[in-house]
1. Counting Lys and Arg as +1 and Asp and Glu as -1, each charge on the Cβ, what is the dipole of chain B about the Cα centre in debye, to the nearest 20?
2. Report, for A:A100, each distance to the same residue's label point in the other copies, shortest first and in nm; define the point 7 Å along Cα→Cβ.
3. For the pair B:D228/A:S158, report the inter-label distance in nm, with labels modelled 7 Å from Cα in the Cβ direction.
4. If you put a point 7 Å past Cα along the Cβ direction, how far is that point for B:A47 from the same point in each other copy, in nm, smallest first?
5. Of all the stretches in chain A, which is the longest one without any exposed loop site, taking trypsin sites (Lys or Arg not before Pro) in a DSSP loop (any state but H, G, I, E, B) with at most 16 other Cβ atoms within 10 Å?
6. At 7 Å along the Cα-to-beta-carbon direction for both A:S189 and A:L129, put a label point, then send me their distance in nm to one decimal.
7. Along the Cα→Cβ direction, 7 angstrom out, place labels at A:E80 and B:R182. What is the inter-label distance in nm?
8. Restricting to Cα pairs below 8 Å that are 6+ residues apart, what does the relative contact order work out to for region B:149-243? Please round to a whole percent.
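The values are calculated or read from the model by the stated rules, or taken from the named source; none is laboratory data. Fair warning: this is a prediction, and the values are worked out from it, not measured in the lab. Cβ placement follows ideal geometry from the backbone for every residue including glycine, while neighbour counts extend to all protein chains displayed. Areas reflect the complete protein model, heavy atoms only, side chains present, ligands, DNA and RNA absent. Shrake-Rupley method; radii C 1.70, N 1.55, O 1.52, S 1.80 Å.
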Number of protein chains: 2
Amino acid sequence: MNAMPMLAAVSAPLQSRRPPALVAANAGIDIERLREHVPVLRRKIKAGQSVYRAGQPFHALYLVHVGCFKTSELSGDGREQVTGFRMRGDLIGVESIGLAAYACDAVALEDGEVWELPYPPVLRALFGLPDMHARFTAAMAEEIRRDRAWMLALGTLSAEQRVSAFLVDIAGRCAALGFSDRHFILRMSRADMANYLALKHETVSRALSHLQEIGCIAVLRREIKMLDAERIVAMASGCASVH
Amino acid sequence: MNAMPMLAAVSAPLQSRRPPALVAANAGIDIERLREHVPVLRRKIKAGQSVYRAGQPFHALYLVHVGCFKTSELSGDGREQVTGFRMRGDLIGVESIGLAAYACDAVALEDGEVWELPYPPVLRALFGLPDMHARFTAAMAEEIRRDRAWMLALGTLSAEQRVSAFLVDIAGRCAALGFSDRHFILRMSRADMANYLALKHETVSRALSHLQEIGCIAVLRREIKMLDAERIVAMASGCASVH
DNA sequence: CGGGCTCTTGATAGGAATCAAGCGGAGTGG
DNA sequence: CCACTCCGCTTGATTCCTATCAAGAGCCCG
């Protein structure tokens, strides 16, 4: 109906600008060094399959190597809350440390690969490596801060601002992995994105359409082009949105 | 205007049913043992004063000994999000581990006392106590799970359900400290509570009034009596609320 | 080529925010 | 000790944003 600003043909939207770090552990954990002390199992996961599910016995952490995963919290009565999207270098399972069973689900959004870090061995290995252990602790603290930052966003931003903040977040993570932060493919459905942002998928869809209308982005299904990154950052930061 | 079901005169609403544990560390950390290795400083904090503020150099964790504190996340543009209320036995400052400066504010809601645990010394001490260190790590994981649980609540519950869930949470914590879970005093203003629940204070006020109208609770300013705890738990769990 | 799923868009409804006013407790100063 | 003021709480009226309900288009897959 509206004149859709079609996306230019994409030659290589995900082309890395620099060779992606072989194993860029989220918070500075040197996986190669850890592997000298702990056997690391590589596990391929197909789209839709889970790395682990809530209730399964906790036995390992996982490092995302390829693909994108979502973690989601479940309540007894069927409510679900996506708590995050995990990409290459992200460590998952940390929230379940200290429990007998995993506390949430971790599901692949596309075919991918995780490296399994058996937990008791990792813990033992870290005791011999004080600086690694300190960094691991710092990584957990970082995880808490990330969650808190999203609580701030969810608690204080409107739907459109949340969507903007989400795009800024994803863009930043793409950049950190050596990909373009101006042109990327969302790996999750609108429904997952909406759930994460505490919105409904229709609302997310409308927000994206509107951001496109005002010329901030170009969106075609899951493909996003950041046309006016500066303005999106401004919106994500709580500045009054332009109509 | 409406016939207020007045609260009976309160003799000792906060009377502990059993002697409160001397230092019930949040997640099983044995503070007494830690004190053998680390100098612990006791700091009294007056209502409204901060334990620390975002940006101040990070140098210690704090264990709440007396009083109630709120932690809040701040954004550059002035938005604020209360991320939690911390009571006796709760450890605060954990989210700032690995940073040069604290990442959030921790403010006393009433006169209280915290025990200061200088961080590098604590870290060093933990290296000599593997089981303590493991429990400390588990405590951080627990913190992550608490945050995630609130993300679930905020993302999936209506205003009244959130308020119910909040009351259930507070009641549970009171019980854990040896106090009554049927009759307690909220230590925070409606505004703080609302901010934490991602609502406005008028909405919280209305929700409490409504819960009173339907006979679930009796509320008088900050004093809460749980009259029908079972139903409140049900509402907090996402069951359709009765009108 | 059909079926199902995802995404988009429109119309409408509903819940929380906002705007506004009044009450009452706590603290202050006369 | 009491009057006064400030601040927190409650309640009402109204608006606005997002959810809900509904329909249709596009893409992927068998």
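1. Working: 29 positive and 26 negative charges, 73 e Å.
The calculated dipole for chain B is roughly 360 debye.
2. 4.6
3. It works out to 3.8 nm between the two label points.
4. Output for B:A47: 5.8 nm, nearest copy listed first.
5. Numbers: sites that count: A:R17, A:K46, A:R53, A:R79, A:R182, A:K200, A:R221, A:R222.
Free of exposed loop sites, the longest segment is A:80-181.
6. The modelled label-to-label distance comes out at 3.9 nm.
7. The modelled label-to-label distance comes out at 4.0 nm.
8. Details: 108 pairs, mean separation 32.4, N = 95.
After rounding, I find 34 percent.
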